[in-house]
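Following: one structure in structure tokens, then a few remarks.
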Amino acid sequence: MSQTLDVLGGISAEQFLAEYWQKKPLLVRNAMPEIVGLLEPNDVMELALDENVTARLIKQKDRDPNQWSVKSSPLLKADFQKMPKLWSVLVQAVDHYSFDLAELWKKFPFIPQWRRDDIMVSYAPQGGSVGKHFDFYDVFLVQGHGHRRWQLGQMCDADTEFLPNQPLKLLAEMEVHFDEMLAPGDMLYVPPGLSHYGVAEDECLTFSFGFRMPNVSDMMDRVSDKFSANEVLRNPLTDIIRDQVSLAGQVTPNELAYLKDKLMAQLQNSNVLEDAIMSLMSEAKYPENIPEAEEIGTGDLEEALGLGYSLMLEPASRLLYSEEDGQTLFWANGEGLCLSDASSDILKQLANGEVVLMDDRFYDADLLEDIATLMNESIIMLLPAEDSED
């Protein structure tokens with residue numbers, strides 16, 4: 001029998017994926033009590049004012065709440081003067097600044113890492129919201145402070161109409177089918193396309209665990225980049241066998257078929273497609289949040305052996321792998337990695353979100369060299385003994 005999960009209200013991951021994932025919402029009371037008090041409103045406001053943080057300040061006019069304004073980062077203290085009654089501030093990728101918050105991704109082990117977007121936190125005083133809208137991605141909305149009332153409506157798509165002349169993609173109408181108040185620790189899963197509207201009942205913080213799929217346009221762009229970097233593919237094609245004269249202005253059907261066949265043959269190159277897709281999916285969404293690493297050598301790592309140090313994935317970085325025909329390949333932050341076979345098992349553990357203790361395995365010279373390289377590229381980081389025990 002499958003194991004049930006508290007974060008899903010006592011149902012199994014298999015049941016959630018079969019019945020709810022990308023299909024219908026799920027409300028779970030007290031799903032994530034660990035998030036309560038993790039951040040306070042003042043913490044979020046400080047982050048919003050940090051010049052290195054991506055944030056948005058959303059306001060509704062006092063005289064006409066149907067008129068909205070949006071100011072994107074960098075936000076200044078002056079932006080928060082003469083505030084209207086209704087406003088919200090949204091801070092992206094808060095998991096890059098809080099190890100405790102990043103740890104909560106592990107509450108969703110049934111969804112692969114490559115689907116993760118970021119953890120956004122929204123702060124609002126009473127009445128604040130970001131309007132009636134929908135997203136093209138999956139989101140788990142977790143209340144961390146205060147209370148927010150959520151209404152859910154109809155399913156929407158790319159043809160759905162929005163209110164004109166607004167800086168946000170807001171829905172004109174919403175058919176309310178769900179109306180519930182979330183208290184600290186409560187969680188609401190909202191599938192892609194489902195309209196939703198959250199209003200702060202008091203001063204509140206809501207954490208959004210977002211899971212996004214890549215789009216075909218970006219994947220095609222990345223494949224094109226890979227083809228453009230291949231010097232052989234820059235050479236002109238050989239011509240077709242010309243056994244008859246064609247008109248000067250015409251491209252004949254067999255000429256078109258020949259050119260399309262040549263293009264499709266390259267698109268069937270599995271290695272190029274895999275590299276393009278994996279490099280795209282392993283790209284850090286906020287590369288500016290990746291800290292600059294202090295140079296470390298294998299000698300420094302050898303000194304760390306026996307001192308209880310562990311390794312973990314840098315929260316702002318991404319590390320992914322694929323396995324095929326007995327071969328494991330790794331990508332990190334948009335690039336393929338050339339590593340020794342000695343690193344494979346440990347890197348898979350790190351990519352899967354595990355904290356890895358530096359034990360006797362790390363006396364391997366090739367492994368130490370790989371670890372030093374990944375640390376110097378801020379892909380992984382050292383964790384002192386006292387932190388790894390938390």
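Could you give me the residue pairs with C-beta distances under 8 Å whose first residue belongs to the range 337-357 and is touching a residue at least 60 places away in the same chain (Cβ under 8 Å), whose second residue is assigned to a loop (DSSP other than H, G, I, E, B) wherever it lies, and which are 6+ apart or on separate chains?
353/109
How many residues does the range 142-173 contain that are of a type in the set (A, V, I, L, M, F, W, C), buried (at least 18 other Cβ atoms within 10 Å of the Cβ) and more than 23 Å from residue 215 (Cβ to Cβ)?
Qualifying residue count for the region: 3.
So if I check each of 302, 288, which one is among the acidic types (Asp, Glu), over 19 Å from residue 98 (Cβ atoms) and in contact (Cβ under 8 Å) with a residue 24 or more places away in the chain?
When all the criteria are applied, what remains is 302.
Please pick out the residue among 248, 316 that is open to solvent by 80 Å² or more (accessible area, probe 1.4 Å) and small (Gly, Ala, Ser).
Going through 248, 316 in turn, just one is open to solvent by 80 Å² or more (accessible area, probe 1.4 Å) and small (Gly, Ala, Ser): 248.
Answer yes if at least one residue in the range 12-31 is open to solvent by less than 50 Å² (accessible area, probe 1.4 Å), assigned to a strand (DSSP E or B) and without any contact (Cβ under 8 Å) to a residue 24 or more places away in the chain, and no otherwise.
yes
Just checking: which of the strands (runs of 3 or more DSSP E) contained wholly in the range 312-390 hold 2 or more residues that are of a type outside the set (Ser, Thr, Tyr) and within 24 Å of residue 94 (Cβ to Cβ)?
319-324, 380-383
Kindly provide the set of residues from the range 97-110 that are open to solvent by 30 Å² or more (accessible area, probe 1.4 Å) and either of a type in the set (D, E, K, R) or within 14 Å of the chain's Cα centre (by Cα) (or both), ordered by number.
Across the range 97-110, the qualifying residues are 100, 103, 106, 107.
Of the residues that sit in the range 136-162 and are in a loop (DSSP other than H, G, I, E, B) and touching a residue at least 24 places away in the same chain (Cβ under 8 Å), which one is nearest to the chain's Cα centre (by Cα)?
This residue is 137.
From the list 87, 114, exactly one residue is touching a residue at least 12 places away in the same chain (Cβ under 8 Å), touching a Pro at 6+ places or on another chain (Cβ under 9 Å) and open to solvent by less than 40 Å² (accessible area, probe 1.4 Å). Which is it?
Within the list 87, 114, the selection yields 87.
If you check residue 280 against the conditions, is it assigned to a helix (DSSP H, G or I) and farther than 30 Å from residue 151 by Cβ?
yes
Starting from residues that are hydrophobic (A, V, I, L, M, F, W, C) and surrounded by 13 or more Cβ atoms within 10 Å (Cβ to Cβ), keep the ones in the range 177-199 and report whichever is nearest to residue 89 (Cα to Cα).
Across the range 177-199, the extreme among qualifying residues is 199.
The values are calculated or read from the model by the stated rules, or taken from the named source; none is laboratory data. Here the structure is a predicted model, which means the values were calculated and not measured. So basically every Cβ, Gly included, is an ideal-geometry build from the backbone, and we count neighbours across all protein chains shown. Side chains are part of the model used for accessible areas, which takes the heavy atoms of the whole protein and leaves out ligands, DNA and RNA. Shrake-Rupley method; radii C 1.70, N 1.55, O 1.52, S 1.80 Å.
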